[in-house]
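Worksheet: the structure to be examined is printed underneath.
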Amino acid sequence: MDHVEREKVLKTINGLAAVCKDTDIFKELSKYSSDIQITQLCAAAEFSVFRVKYASHSFFLKLYNNEGNEANRLLMSLEIKGLQLHQRLGVVPRLYCSSDEYNSIVLEDLMEFHSLQSEVLASRVDEVAINNLALSLAVIHKEHYGAEKLEQLVKDFGSNPMTAKVHQSLFDDPYDYAKILASHPDSHLQKAVAHMQANEGLPANVSALRVKAGKAECLIHGNLTTANIVVKSGQIKLLGNQYTTVGACAFDVGILVAQYLSFYHIHMLTEEDNDAHRQISYKMVDAATTTIDAYLEHMKAFLVGDAVQEFMSDVAGFCGAELVRIAMTDPSNKKSVEILESGLRLISAMHRIPDSSRLTIIALMLTH
């Protein structure tokens, strides 16, 4: 971070201290103004995130790039609303304060947490956290499920521009075969792409999934990848709350389960110390089935009879679509072929999948 960027962030912090003067983390700021430590954690097109430390205080500062950008202003507003709704559930970072004037959100410091994605890739599986995640997801969905709550939720979250971007990444981009092959002429997926093109039922199934994704059932995270989940000793926190939207409850579950199944392939196909990696793969299968079963147990007041079958079909379809997206994002990786085939099987068989066991069997039946 250069001097100009640091001065900009300092100006924002001092402005927030005046606007949010009753917030505990800012009460002593003036005493330590020369000792403020600022570390940039990420920089995206829509926002940048910084860790700010002084004395015994630390917090995350999310600074949106809102100047002349109404879409980013809307995203910031949606993230704040989502965080406020979920605060009492303890599944999101604590929201200290926010300011439209300074285009900022001030959040709990989560530096002791680690992304679930990096943990699993490093062969560290927090099974308690995985179970708590499934239960927390059911609690979030139950909290905002049902027609009587949908009207206001649709008003508040129905126009999220990030939803269209996520849906494009799932239902459009992976099927732009010419672009993919032009970008990766030596791709391991060339034969698989030919197989996809020959699959006459695939376009109709993907189109049906796009429609199902827009079904207004409850408030959902909207992009529940393991990069947007952090864990610590069984605890979980959800990041990426700017994706909050109204949609199908199966969407969040399907995306999450796909993450676990992709890790299955990644570890199973790791040659070095393969026996140890296989054990992680088996744990990922358990994570997938446990997530679905625990979620259904806690949603049984809402999902009964035919609704369970419809839910499982949708979970399988969304899981398949996410696996295809993951594979097509990195087609040069030979592991992507196995991930892709799992996704295509699930999309083709989604109407014939009654439970979590059948989902994992179909997804993994042709591998190892």
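Rule-based calculations on the coordinates, nothing more; no lab input. Worth saying up front: this structure is predicted, and the values here are computed from it rather than measured. Heads up, the Cβs are rebuilt from the backbone with ideal geometry, glycines too, and the neighbour counts pull from every protein chain shown.
Rg/Rh for segment 227-366: what does it come to with C-alpha atoms and Rh from Kirkwood?
Rg/Rh for segment 227-366 comes to 0.97.
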Applying a 4.7 angstrom Cβ cut-off across the chain, unpaired cysteine residues come out as 42, 218, 249, 319
At each listed q (0.15, 0.21 Å⁻¹), what is the log10 of I(q)/I(0) that the Debye formula gives for segment 3-108 modelled as equal alpha-carbon point scatterers? -0.61, -1.20
With viscosity set to 0.890 mPa s and temperature to 25 °C, compute the Stokes-Einstein D of segment 200-254, Rh being the Kirkwood radius across alpha carbon pairs; µm²/s, no decimals. 195
Could you tally the net charge around residue 156, taking each other residue with its Cβ under 13 Å from the Cβ of residue 156, Lys/Arg +1 and Asp/Glu -1? +1
For residue 94, which sequence-distant residues (separation of 5 or more, or a different chain) have an amide H within less than 5 Å of its own amide H, given hydrogens modelled in the peptide plane? 108
Summing Lys, Arg as +1 and Asp, Glu as -1, what charge do residues with Cβ under 14 Å from the Cβ of residue 343 carry, residue 343 excluded? -2
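D for segment 132-286, whole µm²/s, Stokes-Einstein with Kirkwood Rh over alpha-carbon pairs at 20 °C and 1.002 mPa s: what number?
Working: Rh = 17.8 Å.
So the translational diffusion coefficient is about 120 µm²/s.
Step by step: find N for segment 142-207, compute 2.2 N^0.38 Å, then divide the Cα radius of gyration by it. What's the final number?
Relative to the rule-of-thumb radius for its length, segment 142-207 sits at 1.65.
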For helix 70-86, what angle does its Cα long axis make with the longest principal axis of the chain, in degrees from 0 to 90 and rounded to 10? 90
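For a quick protection proxy, order the peptides 88-100, 18-30, 317-329 by their average other-Cβ count within 10 Å, most packed first.
Details: 88-100: 17.2, 18-30: 14.8, 317-329: 26.4.
Packing order, densest peptide first, comes out as 317-329, 88-100, 18-30.
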Please report, in debye to the nearest 20, how large the charge dipole of segment 3-108 is about its Cα centre when each Lys and Arg carries +1 at its beta carbon and each Asp and Glu carries -1 there. 260
Residue 71-residue 41 FRET efficiency (beta carbon distance; Förster radius 22 Å; 0.05 resolution): 0.45
Within 11 Å, Cβ to Cβ, of residue 172, how many net charges do the neighbouring residues add up to if Lys/Arg are +1 and Asp/Glu are -1? +2
Can you tell me the order of 112-125, 270-283 when each peptide is scored by its average per-residue count of other Cβ atoms within 10 angstrom, highest first? 112-125, 270-283
Please state the Cα pair-distance histogram of the chain with 20 angstrom bins from zero: what percent is in each bin? 28, 55, 17, 0
Helix 249-268 axis, angle to the chain major axis (alpha carbon atoms, nearest 10°): 70
